[in-house]
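Trainee: Mind having a look at this structure? Questions to follow.
The values are calculated or read from the model by the stated rules, or taken from the named source; none is laboratory data. Please read these numbers as outputs of a predicted model, since none were measured by experiment. Counting neighbours? That spans all protein chains shown, and the Cβs are built from the backbone with ideal geometry, glycine included. Surface accessibility is based on the protein's heavy atoms, side chains included, excluding ligands, DNA and RNA. Shrake-Rupley method; radii C 1.70, N 1.55, O 1.52, S 1.80 Å.
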Amino acid sequence: MALIADGLTYTYGAGTSFSVPALDGVRLTVGRGELVVVAGTTGSGKSTLLRLLAGVLAPTGGSATVDGVPTTAPSARGRVALVFQNPEAQFFAETVLADVSFGPRNLGAGDPGAVAREALAQVGLDPEAFAPRSPFTLSGGEARRVAIAGALAMRAPYVLLDEPTAGLDRAGRQAVLASIAAERERAGVVVVTHDPAEVLAAADRVIALARGAVAFAGTVPELLAGYAAYEGAGLRLPDVVRAQLLAIERGAPVKRVEFEPERAAAVLADARGAES
Amino acid sequence: MRLVYPGAGRAALDGVSLTVAPGQAVALLGPNGSGKSTLARLCNGLLLPTDGRVTVDGMDTRDDDRVWDIRSRVGYVQQNPENQIVGTVVEEDVAFGPENLGIPPAELRTRVDDALRAVGLSGLERREPHLLSEGQKQRLAIAGALALGPGYLLLDEPFAMLDGVGRDEVRAVLEALRSRGVGLLHITHHLADVAEADRAVVLREGRVAFDGTPDDLLGSPEHAGELGIDVPPEARLTAALRGRGFDVPPGALDAEAILDALWR
Amino acid sequence: MPTTFGQYVPVDSPVHALDAKTKMGLVAAFAVGAFLVDRFWGLVLVAALVGGGILLARVPLRIALRGVKALSVILIFTLAAHALRWNPATVSLVRIGPLAVDAAGLRDGVFFAARIVLLVVGTSLLTLTTTPVQLTDGLERVLRPLTIVRFPAGEVAMMLTIALRFIPTTAQEAERVIIAQTARGASFDSGGPIRRARAFVPVLVPLFVNLFKRAEDLAVAMESRCYRGGAGRTRLNASAMTPRDWLVLCCGSAAVMAIGLWL
């Protein structure tokens, strides 16, 4: 039971003179309750991977399956939810409740309104206060969370999010990260981003894409043990983390690597103190 | 460029004073809704102050006769480059501003070529804008402002739509313009975007809540956080190290600089 | 990936090199000339001109004839209207029940149908060899005399330019919104026509909302870059008619008009 990409390949305009390979032999497994981070710069193939996993695009090679069914099969409908970059640009209904319940209604959920309210609560918005509001009058952070609730309301076993925190201020980002953590209790979550600094610490596995191929795949400890391939993909670990890794490389007695700045300071201070 | 704007009552801005000198980079920070964009639009006369005055090289934005002089002195670059590109090919978009001023075609050509060179887009003159990368689009938007020959640029969250590569491209262009004497007013809510600015002004609910250097803000991340702006986690790391008695400067934001200071 | 949309065929040819205004003038003269032709010989000459134009423009014949397919209904109707007679007294060719095909009528039908085909193929050479930008610029110049009667030629041309600029952007955005709503379980290809039209509400509403936001930003950007209407604007690529353009325009127009008037 997992969302699996096996040798996933996609070529735009396959068979024509202007064919462009976008994705080449990508492997990926997401189990329920797992958080997988896919990192890559613009043009690395992230968006194509997302569309293939969501089943809105069919692979030209390899396979993408959800719980054993190809993601493009009719029976896969509703099993993978997709949150696009800037999802608030897809609001269309007069009220937040109508917009959030669009997905469950399409899928024939028993009580779309109840599911929608539940999803709103999950992203930290009071359902009573927000349900009757117009989605077009929300603040940036609120709008993003309502849009994410629209995807979570599908109650899909797997959720894909493209740059979920882009363009938000700190409070907005923290609220979105909390919603993602809550969703992971229930579903398998894939976060695709060019700047994974804030989701990295919580990830079960990290995959770095470069020019359509997997440049690095592994757990976070594996990433910290050898991040050259990751940086080769044009990505950069957070400098808080890099400072500790660099200290290790310079021979300092760093005992563990921390993501949180204040704890990282303690680690570095201890290493510096032990040395002198 | 001088801005004095003592508004009254429940104004979007209230009693803001700000000066940007040629070659100076001023960071304008503040949470969403703090009045940053209103301030930018006051600076090139898109909005007029209800009280106080805005002057650009001595010209008052309320002076109807100078409005086109002011707009060609103060370039405005918005957050989403896609929405500010007018032309159907790169060179025609860059030419749009000077065309409006009635510049003769021969000089238009030099202005377009110079502006494209300044942002590193030479060779893409005939490219259609929708085929450019996001970083290239934002540089095109900057070139469109440069072709008017501005002394100042207003940058309204120019990095918001860009990834790391695009950011680095645009940052390099802005740095080169500053060294050529262009004054920059860079609007953002993220302190990491403007760590190298000469001055940082934080707006909060339409008022100036802080006026100092970016280092002052980076040095006390707690205070900066209270002002509603985003502080890079590296600043919190160095602040915590200073708290433990190590002499790590607030401006050290990358791993190398932090370690060098720590093991000095 | 194709870099231009619409009909334009991006090759170098003497026809592509002509100024848009020259081609507009030629097309106008050609349309009048071809309409005036009323003999088969005239039509043959017109066909020769169109064929020569296609060859010179280096446009593949398949693409040049693409427009004809859309006309098939009109062509069949034209043929039928001229050739078929209902219960005629004399039958010159074939009779099917009360319907009969008349020889003279058939000749007329073929003549008119051929003239329509030649008109469409000939005029489409303009859009096949001229970019939308060149067309808008040419149009502005051709319309400029109308500014005397307060026709906003510059503004109309600017509107067309902006429309052209935002077609690809809007298409990309429409694709994104459709995919996003599909991912939320929306389906666009089931049910009757009303149901299908309603299914597009979740696509059209965000598309328009975003277009209005873009329009707002664009207005600010244009004003910031000193746009104040068409008056006093200069153009970077102001196209100018060369002596060669004038020669082609005069000789070409004279030739088609002569064919039209005498044949």
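Trainee: State all residues of the range A:51-85 that are within 14 Å of the chain's Cα centre (by Cα) and part of a strand (DSSP E or B); if no residue qualifies, say none.
Mentor: Within the range A:51-85, A:80, A:81, A:82, A:83 meet the criteria.
Trainee: Identify all residues within the range A:243-260 that are buried (at least 21 other Cβ atoms within 10 Å of the Cβ) and assigned to a helix (DSSP H, G or I); write none if there are none.
Mentor: Applying the first criterion (buried (at least 21 other Cβ atoms within 10 Å of the Cβ)) to the range A:243-260 yields A:243-244, A:247, A:254, A:257.
Selection gives A:243, A:244, A:247.
Trainee: Determine whether the range A:37-50 contains at least one residue that is part of a loop (DSSP other than H, G, I, E, B) and over 20 Å from the mean Cα position of the chain (by Cα).
Mentor: First, the residues of the range A:37-50 that are part of a loop (DSSP other than H, G, I, E, B): A:40-45.
Narrowing the set further to residues that are over 20 Å from the mean Cα position of the chain (by Cα) leaves none.
Looking for residues that are part of a loop (DSSP other than H, G, I, E, B) and over 20 Å from the mean Cα position of the chain (by Cα), one finds none in the range A:37-50, hence no.
Trainee: Being out of contact with any Asp or Glu (no Cβ under 9 Å at 6 or more places or on another chain) and closer than 11 Å to residue A:145 by Cα is the filter here; which residues of the range A:124-135 pass it?
Mentor: Residue satisfying the conditions is A:124 alone.
Trainee: Quick check: anything in the range B:57-65 facing chain C (nearest Cβ under 10 Å) and more than 13 Å from residue B:143 (Cα to Cα)? Please lay out each step first, then the result.
Mentor: Our first condition is that a residue be facing chain C (nearest Cβ under 10 Å); within the range B:57-65, this holds for none.
No, every residue in the range B:57-65 fails to be facing chain C (nearest Cβ under 10 Å) and more than 13 Å from residue B:143 (Cα to Cα).
Trainee: Give all pairs with beta carbons closer than 8 Å in which a residue from the range C:14-42 that is closer than 27 Å to residue C:109 by Cβ meets a residue that is among the aromatic types (Phe, Trp, Tyr); count only pairs at least 6 apart in sequence or on separate chains.
Mentor: Note: pairs meeting the criteria are C:40/C:111; C:42/C:262.
Trainee: For the structure I just gave you, tell me whether residue C:68 is more than 14 Å from every other protein chain (Cβ to nearest Cβ), open to solvent by less than 60 Å² (accessible area, probe 1.4 Å) and assigned to a helix (DSSP H, G or I).
Mentor: When the stated conditions are applied, residue C:68 passes them.
Trainee: Being on the phi < 0 side of the Ramachandran plot and surrounded by fewer than 18 Cβ atoms within 10 Å (Cβ to Cβ) is the requirement here; does residue A:58 meet it? First the steps, then the outcome.
Mentor: Values: on the phi < 0 side of the Ramachandran plot: yes; surrounded by fewer than 18 Cβ atoms within 10 Å (Cβ to Cβ): yes.
Yes; evaluated as a whole, the condition is true for this residue.
Yes or no, residue by residue, for (1) surrounded by 16 or more Cβ atoms within 10 Å (Cβ to Cβ); (2) farther than 28 Å from residue A:231 by Cα; (3) among the polar types (S, T, N, Q):
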{"site": "A:7", "(1), (2), (3)": "no, no, no"}
{"site": "A:26", "(1), (2), (3)": "yes, no, no"}
{"site": "A:33", "(1), (2), (3)": "no, no, no"}
{"site": "A:39", "(1), (2), (3)": "yes, no, no"}
{"site": "A:42", "(1), (2), (3)": "yes, no, yes"}
{"site": "A:48", "(1), (2), (3)": "yes, no, yes"}
{"site": "A:62", "(1), (2), (3)": "yes, no, no"}
{"site": "A:69", "(1), (2), (3)": "no, yes, no"}
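Trainee: Let me ask something else about it. Go through the range B:240-257 and give me each residue that's facing chain A (nearest Cβ under 8 Å) and either open to solvent by 20 Å² or more (accessible area, probe 1.4 Å) or more than 20 Å from residue B:190 (Cα to Cα) (or both). Can you show your working first?
Mentor: Restricting attention to the range B:240-257, the residues satisfying the condition of being facing chain A (nearest Cβ under 8 Å) are B:240-241, B:243-244, B:246, B:253-256.
Passing the criteria: B:240, B:241, B:243, B:244, B:246, B:253, B:254, B:256.
Trainee: Right, residue C:191: facing another protein chain (nearest Cβ under 9 Å), of a type outside the set (A, V, I, L, M) and in a loop (DSSP other than H, G, I, E, B) or not? So that I can check it myself, show each step before the final result.
Mentor: Numbers: facing another protein chain (nearest Cβ under 9 Å): no; of a type outside the set (A, V, I, L, M): yes; in a loop (DSSP other than H, G, I, E, B): yes.
So residue C:191 fails the test.
Trainee: I need a count of the residues in the range C:32-50 that are small (Gly, Ala, Ser) and open to solvent by 30 Å² or more (accessible area, probe 1.4 Å).
Mentor: Going through the range C:32-50, the residues small (Gly, Ala, Ser) turn out to be C:33-34, C:42, C:47-48.
Subsequent filtering for residues that are open to solvent by 30 Å² or more (accessible area, probe 1.4 Å) retains C:47-48.
Adding up the residues that qualify gives 2.
Trainee: While we're looking at this one, here's another question. For the range A:105-129, enumerate the residues that are away from chain C (no Cβ under 14 Å) and either touching a helix residue (DSSP H, G or I) at 6+ places or on another chain (Cβ under 6 Å) or surrounded by 20 or more Cβ atoms within 10 Å (Cβ to Cβ) (or both).
Mentor: The initial filter retains those residues of the range A:105-129 that are away from chain C (no Cβ under 14 Å), namely A:110-111, A:113-114, A:117-118, A:120-129.
Scanning the range A:105-129 gives A:117, A:120, A:121, A:122, A:123, A:124, A:125, A:127.
Trainee: Of the residues C:163, C:258, C:254, only one is within 12 Å of another protein chain (Cβ to nearest Cβ) and either among the aliphatic types (A, V, I, L, M) or open to solvent by less than 40 Å² (accessible area, probe 1.4 Å) (or both); which? So that I can check it myself, show each step before the final result.
Mentor: Values: C:258 fails: within 12 Å of another protein chain (Cβ to nearest Cβ); C:254 fails: within 12 Å of another protein chain (Cβ to nearest Cβ).
Matching residue, one of C:163, C:258, C:254: C:163.
Trainee: Also, quick follow-up: Would you confirm, using the coordinates I've provided, whether residue B:231 is within 13 Å of chain A (Cβ to nearest Cβ) and open to solvent by less than 60 Å² (accessible area, probe 1.4 Å)? Write out each step before concluding.
Mentor: Details: within 13 Å of chain A (Cβ to nearest Cβ): yes; open to solvent by less than 60 Å² (accessible area, probe 1.4 Å): yes.
Yes.
Trainee: Yes or no: residue A:88 under 17 Å from the mean Cα position of the chain (by Cα) and buried (at least 20 other Cβ atoms within 10 Å of the Cβ)? Show your work before the answer.
Mentor: Numbers: under 17 Å from the mean Cα position of the chain (by Cα): yes; buried (at least 20 other Cβ atoms within 10 Å of the Cβ): yes.
So residue A:88 passes the test.
Trainee: Any chance you could count how many residues in the range C:36-65 are outside any helix (DSSP H, G or I) and within 13 Å of residue C:114 (Cα to Cα)? Spell out how you get there, then give the answer.
Mentor: So in the range C:36-65, the residues outside any helix (DSSP H, G or I) come out as C:37-39, C:58-60, C:65.
Pick out the ones that are also within 13 Å of residue C:114 (Cα to Cα) and you get C:37-39, C:65.
Residues flagged as outside any helix (DSSP H, G or I) and within 13 Å of residue C:114 (Cα to Cα) within the range C:36-65 amount to 4.
Trainee: State all residues of the range B:160-190 that are hydrophobic (A, V, I, L, M, F, W, C) and modelled with pLDDT under 90; if no residue qualifies, say none.
Mentor: B:160, B:161, B:162, B:165
Trainee: Given the conditions (1) open to solvent by 30 Å² or more (accessible area, probe 1.4 Å); (2) more than 14 Å from every other protein chain (Cβ to nearest Cβ); (3) at negative phi, which single one is not true for residue C:150?
Mentor: Failed condition: (3).
Trainee: Here's something else I'd like to know. Of all residues in the range B:95-108, count the ones that are outside any loop (DSSP other than H, G, I, E, B) and within 7 Å of chain C (Cβ to nearest Cβ). Show your work before the answer.
Mentor: Taking the range B:95-108 first, the residues outside any loop (DSSP other than H, G, I, E, B) are B:95-100, B:105-108.
This time we only want the ones that are within 7 Å of chain C (Cβ to nearest Cβ), so: B:95-97, B:99-100, B:105, B:108.
Here the count works out to 7.
Trainee: Please work out if residue C:180 is at the interface with chain A (Cβ under 9 Å from one of its Cβ atoms), assigned to a helix (DSSP H, G or I), of a type outside the set (Lys, Arg) and free of Cβ contacts under 8 Å to residues at least 12 places away in the same chain.
Mentor: Numbers: at the interface with chain A (Cβ under 9 Å from one of its Cβ atoms): yes; assigned to a helix (DSSP H, G or I): yes; of a type outside the set (Lys, Arg): yes; free of Cβ contacts under 8 Å to residues at least 12 places away in the same chain: yes.
When the stated conditions are applied, residue C:180 passes them.
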